[in-house]
Amino acid sequence: MDKADVIIYGGTSAAIVAAVQAHKMGKTVIVVSPDKHVGGLSAGGLGFTDTGNKSVIGGLARDFYHRIWLHYQQPAAWNWQQQAEYGNKGQGTPAMDGTERTMWIFEPHVAEQVFEDYIRENNIKIYRDEWLDRQQGVKKEGGKITAITTLSGHTYSGKVFIDATYEGDLMAAAGVSYTVGREAVATYGESWNGVQTGVLHHGHHFKQNISPYRIPGDAKSGLLPRVSGEDPGEKGAADKKIQAYCFRMCLTDKPANRIAFPKPEGYDATQYELLIRVLDSGWNEVFNKFDPIPNHKTDVNNHGPFSFDNIGMNYDYPEATYERRKEIIHEHEVYQQGLLYFLAHDARVPAAIQQRMQTWGLSADEFRDNKNWPHQLYVREARRMKGMHVMTQQSVLGESPVPQSIGMGSYTLDAHNAQRYVKKDGYVQNEGDIGVDIKEPYQVSYGSILPQREECSNLLVPVCMSASHIAYGSIRMEPVFMILGQSAATAAVLAINGNKAVQEVDYTQLKAQLEKDHQRLSAR
């Protein structure tokens with residue numbers, strides 16, 4: 001049995017930052033990571049950072065982006081292009097901020113190296129490819145977790161535990177209440193939660209009338225692949241549907257570093273018939289989210305009505321078995337690899353698009369042990385804890401006070417499509433894509449990373465934290481996860497020092513320590 005003061009389950013950016021913070025505060029810490037590669041999405045292809053208002057990103061999160069900046073100050077970092085050629089485009093902010101000595105846009109392998117540096121510099125004990133036994137692997141006594149056991153039979157004993165996974169597996173296995181899917185608008189008095197039929201906030205919807213039937217206009221011919229025949233539900237109603245997942249891909253147009261898109265085993269061109277109809281309608285935005293990162297590479301995200309988001313194919317992922325999750329991840333790989341291959345090779349694709357797509361390929365120097373494919377699926381949302389405080393739309397929009405700030409968020413209310421359905425007029429449409437601007441940064445409550453006391457008194461949950469679906473749409477950004485990871489670890493140490501439940505930590509002490517460590521708890 002391995003023992004430490006703080007046991008962190010997960011390999012995400014939040015997990016590594018939490019481990020560093022616990023170590024810096026003088027506690028022993030063990031990271032039990034189901035992942036071989038650390039850093040989650042931050043090292044898994046999401047290099048075009050969702051910064052929001054970067055002024056509220058502090059602490060170790062800001063240090064991470066400072067280290068990225070330091071890396072790209074080295075001439076050797078620019079091996080495929082000159083720094084001057086790259087430009088300085090970021091998401092609502094310059095990619096490189098010389099004044100603040102931070103950089104917000106980066107290659108996946110660079111981010112992973114920063115996380116590995118954190119582990120090495122702080123001598124963090126980490127066990128990789130260790131998967132929690134979700135049926136029998138959590139031992140509790142008196143409302144406290146005493147140890148967790150993985151499928152390999154290893155047991156880890158600690159005083160406080162942190163679930164820093166995207167899925168919330170430790171939280172769920174510990175008997176903590178959670179929810180999956182979308183609440184009704186009436187649940188918390190929100191307007192952007194639940195089913196949002198007819199709401200088309202971004203460009204990720206069908207702008208022209210497109211028939212979803214195999215024979216256009218003939219319902220009897222059956223639906224094309226990847227269109228649901230189910231009723232979408234009443235507007236504002238709750239459901240268990242999950243916003244779509246995808247892989248954030250690191251592509252390159254540098255021939256010397258480019259690998260042609262592979263034809264995946266199981267490739268089926270009929271899966272993309274709907275896309276051909278979209279292209280035939282005149283839609284021409286295939287390359288709109290090929291966002292530039294250094295060295296002639298991109299962070300490619302979903303864009304348009306039929307794109308890299310695999311809509312409707314992830315509903316059971318949050319609570320699925322490991323085996324089922326592997327199937328879902330594989331299906332997403334085949335879909336997305338097939339989509340790239342289709343655009344580059346199918347004769348029905350407009351020539352201009354096809355020729356341009358053929359100038360792109362996978363980056364040979366990224367994800368080398370995974371056939372140059374990202375090792376992390378973008379799990380935009382899975383379980384969400386029902387904690388001591390629920391962050392809601394009103395919390396994020398500044399319409400209700402947030403108690404006991406442990407960090408700040410600032411990104412828009414952002415949810416991706418949850419379903420693709422047939423409207424009453426017989427045409428196809430997507431549903432669930434929401435984008436609502438936030439005027440000012442908002443505080444995130446300590447209570448939102450705390451379970452109910454009676455359910456568990458020594459667990460903190462900084463990723464699958466307590467928020468409504470639409471509030472989580474803003475909170476779920478990688479810088480915020482790092483912020484909450486650091487704050488969770490700080491609270492864990494204070495709970496150990498005071499021999500208290502995490503729910504009893506003195507917030508005055510917590511706030512003082514967070515401010516000492518340069519967390520930004522309020523707008524300046």
- Task: Work out which helices of the chain, taken as complete DSSP H runs, extend at least 24 Å along their axis over the Cα atoms and score a mean Kyte-Doolittle of 0.0 or more, then list them.
- Result: 478-498
- Message: For region 256-370, what does the relative contact order come out to in percent, with C-alpha contacts under 8 Å and a separation of six or more?
- Response: 42 percent
- Message: With only alpha-carbon atoms in the gyration tensor, what are the semi-axes of the equivalent ellipsoid for the chain, in Å, largest first?
- Response: 37, 27, 22
- Query: Along the positive direction of the dipole of the chain (beta-carbon charges: Lys, Arg +1; Asp, Glu -1; about the Cα centre), which of Gln513, Gln376, Ala111 reaches farthest?
  - Reply: Gln513
- Task: Go from 0 up to the bin containing the longest alpha carbon distance in region 309-381, width 10 Å each, and give me the % of pairs per bin.
- Result: 17, 39, 32, 11, 1
- Ordered by packing density, taken as the mean number of other Cβ atoms within 10 Å over each peptide's residues, highest first, how do 441-451, 338-348, 79-89, 295-305 rank? 441-451, 295-305, 338-348, 79-89
- Provide the per residue accessible area, probe 1.4 Å, for region 358-512, rounded to a whole number of square angstrom. 30 Å²
- Query: Is the shape of region 380-502 rounded, prolate or oblate, going by the alpha carbon gyration tensor and its root eigenvalues a ≥ b ≥ c, with a/c under 1.5 for rounded and a/b larger than b/c for prolate?
  - Reply: prolate
- Lys139 paired with Met1, simple spin-label distance in nm, labels 7 Å along Cα-to-beta-carbon: 0.4 nm
- What whole number of Å gives the distance from the Cα centroid of region 82-125 to the Cα centroid of region 425-445? 28 Å
- Note on the structure: Note on region 210-277: alpha-carbon gyration tensor, axes a ≥ b ≥ c; rule is a/c under 1.5 for rounded, else prolate if a/b larger than b/c, else oblate; result oblate
- According to a simple spin-label model (label point 7 Å from Cα along Cα-to-Cβ), what is the distance in nm between Ile215 and Asn497? 7.5 nm
- Estimated dipole of the chain in Debye, rounded to 20 [Cβ of Lys and Arg +1, of Asp and Glu -1, Cα centre]: 360 debye
- Message: Starting from 0.36 nm per residue, how many nanometres of slack lie between Lys516 and Asn79 once their C-alpha separation is accounted for?
- Response: 153.5 nm
- Calculated FRET efficiency for the pair Tyr322/Gln358, C-beta based, R₀ 35 Å, to 0.05: 0.40
- Note on the structure: In cubic angstrom per residue, the convex hull of region 96-212 built on its Cα atoms measures 288 Å³
- Note on the structure: Given a Förster distance of 22 Å, the FRET efficiency implied by the Cβ-Cβ spacing of Asp231 and Ser400, rounded to the nearest 0.05, works out to 0.10
- Task: Specify the inter-centroid distance of region 294-326 and region 460-524, based on alpha-carbon positions, in whole Å.
- Result: 28 Å
- Message: Could you tell me the extents of region 189-249's C-alpha atoms along the three principal axes, largest first, rounded to whole Å?
- Response: 42, 34, 22
- When the accessible area of the chain is split by element with a 1.4 Å probe, what percent falls to carbon and sulfur? 47 percent
- Task: Mind putting together the pair-distance distribution for region 294-423? All Cα pairs, 5 Å bins, whole percent per bin, short to long.
- Result: 2, 7, 13, 16, 15, 16, 13, 9, 6, 3, 1, 0
- Item | Sequence-separation-based contact order of the chain, relative, with Cα cut under 8 Å and 6+ spacing, percent | 22 percent
- Message: Apply the a/c threshold of 1.5 to the C-alpha gyration tensor of region 84-149 and tell me whether it is rounded, prolate or oblate.
- Response: prolate
- Query: Given the chain, what percent of its DSSP beta bridges are antiparallel, to the nearest 5?
  - Reply: 70 percent
- Query: Are any of the pairs Lys24/Lys500; Lys54/Lys159; Lys89/Lys263; Lys289/Lys386; Lys241/Lys326 more than 23 Å apart by Cα-Cα distance, and if so, which?
  - Reply: Lys54/Lys159; Lys89/Lys263; Lys289/Lys386
- Item | Packing-based order for 98-109, 453-464, using average beta carbon neighbours within 10 Å, highest first | 453-464, 98-109
- Note on the structure: Inter-part gap, Cα centre of region 338-414 to Cα centre of region 251-268, in whole angstrom, is 20 Å
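The values are calculated or read from the model by the stated rules, or taken from the named source; none is laboratory data. Quantities reported herein were computed from a predicted structural model and do not represent experimental measurements. Heads up, the Cβs are rebuilt from the backbone with ideal geometry, glycines too, and the neighbour counts pull from every protein chain shown. Calculation scope for accessible area: heavy atoms of the full protein, side chains included, ligands and nucleic acids excluded. Shrake-Rupley method; radii C 1.70, N 1.55, O 1.52, S 1.80 Å.
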